[in-house]
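The values are calculated or read from the model by the stated rules, or taken from the named source; none is laboratory data. Quick caveat: nothing in here was measured; it's all calculated off a predicted structure. Cβ placement follows ideal geometry from the backbone for every residue including glycine, while neighbour counts extend to all protein chains displayed. Areas reflect the complete protein model, heavy atoms only, side chains present, ligands, DNA and RNA absent. Shrake-Rupley method; radii C 1.70, N 1.55, O 1.52, S 1.80 Å.
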Amino acid sequence: MIIEDFMPKIGDSSIREKLAACLRSDPKTLPSMFFYDHHGSELYEKITKLEEYYSSKIEIPLLRSTAQKLKQELEESDLVELGSGDCSKISVFLDEVPREIRQTIVYYPVDVCKDSIEKSACNLQDKYPEMGIHGITADFLEHIEKIPGKRKRFFCFFGSTNGNLTEEKAIEFMADLGKVMNENDRLLLGVDMVKDIGIIEKAYNDSQGITAEFNKNILKVANDHLETDFDPEEFEHVAFFNREYSRIEMHLKAKTDQEVASPILNEKIIFKKGEMIHTENSHKYTVDGIKKMAEAAGLSVENIFSDDKKWFSLVEMVK
Ligand code: AVI
């Protein structure tokens, strides 16, 4: 098993500059990729197990039935999973693939969290000793070219993570992926579909407050990188559906007027009571929207696999 690490570390100036620019912007933002330090990744795993967070519960059986249909495509391929997290989804998928096919696969989990990659790649190797594993710690938005490509590749991007990008960025990313894809390569993309707004909003305002903790954890990550003194308890979790953009937005709302100091930035970040930091978008799509996005990125939709209620889809795309 190989693990390669392309992620910048705490203290890296490019990360500091990126975060500082986001906190200086109006309105203030923090990019959602900074949710996923070790603790944030654990919190996200907890979210996926919550009753209110419907998408994982639907995606899992859908992964099983879709793997049954696509398993032959995996033979002699490099299986690249973007945003692999704890590898639980690919594990469900691979369970449906016969051992004779699995032994011809090399699996490439790609994730920003090194701890997740190390732990989950080891667990997966124990479960499937016949399969090659090559972990990559990277931000796939910036390091798409680091993904090896000698054989036919089957890209997986589960969990609707693509929905966390703005529509423009999602198209740009898929177009970049399209550029590195060859004729025989495939992409299987998890997409959360438009549905009753009450159901969607509940999924991001769970009764146990795990999503709130996950949202506030981004301030601790900012503290690690910028040596700021954000007190997460001074901010309130806010999540609502924005109909205009068909997306859940997550924000952190300042409970009081406050100043956050950073010795590194040599400046204070000033908050008025009620001011928000925009931390995440999570877009919900229609079939038409999926097709338009694929077309704009230069990809074509081969199949859309959905659950009976059409709440979640796995979209198979080719170049
Ligand atoms: C990773 N991503 C698809 C999740 C989502 O639903 O947008 C992240 C998340 N944010 C809050 N809860 C879960």
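Scan the range 173-186 and give yes if some residue there is under 24 Å from Ser41 (Cα atoms), open to solvent by 40 Å² or more (accessible area, probe 1.4 Å), away from the ligand (no atom under 12 Å from the Cβ) and out of contact with any strand residue (DSSP E or B) (no Cβ under 6 Å at 6 or more places or on another chain), otherwise no. No, there is no match, as no residue in the range 173-186 is under 24 Å from Ser41 (Cα atoms), open to solvent by 40 Å² or more (accessible area, probe 1.4 Å), away from the ligand (no atom under 12 Å from the Cβ) and out of contact with any strand residue (DSSP E or B) (no Cβ under 6 Å at 6 or more places or on another chain).
Of the residues making up the range 115-160, those that are open to solvent by less than 60 Å² (accessible area, probe 1.4 Å), under 24 Å from Met317 (Cβ atoms), within 16 Å of the ligand (Cβ to nearest atom) and in contact with a helix residue (DSSP H, G or I) (Cβ under 7 Å, 6 or more places away or on another chain) are Asp139, Cys156, Phe158, Gly159, Ser160.
Within the range 290-319, track down each residue that is among the small types (Gly, Ala, Ser) and either assigned to a strand (DSSP E or B) or without any contact (Cβ under 8 Å) to a residue 40 or more places away in the chain (or both). Show your work before the answer.
Taking the range 290-319 and keeping what is among the small types (Gly, Ala, Ser), we get 294, 296-298, 300, 306, 313.
Scanning the range 290-319 gives Ser300, Ser306, Ser313.
Annotation: Glu51 fulfils all but one of (1) over 30 Å from Glu17 (Cα atoms); (2) open to solvent by 50 Å² or more (accessible area, probe 1.4 Å); (3) more than 14 Å from the ligand (Cβ to nearest atom); the unmet one is (3). Taken over the range 129-176, the criterion of being assigned to a loop (DSSP other than H, G, I, E, B) and among the polar types (S, T, N, Q) is satisfied by Ser160, Thr166. Every condition in (1) touching a His at 6+ places or on another chain (Cβ under 6 Å); (2) open to solvent by 30 Å² or more (accessible area, probe 1.4 Å) is met by Lys292 except one, and the failing one is (1).
On the basis of being under 18 Å from Lys18 (Cα atoms) and within 13 Å of the ligand (Cβ to nearest atom), does Glu227 make the cut?
No; evaluated as a whole, the condition is false for this residue.
Inside the range 235-259, can you point out the residues that are assigned to a strand (DSSP E or B) and aromatic (Phe, Trp, Tyr)? Working first, answer last.
Here is the first cut: in the range 235-259, the residues assigned to a strand (DSSP E or B) are 235-242, 247-254, 258-259.
Within the range 235-259, Phe235, Phe240, Phe241 qualify.
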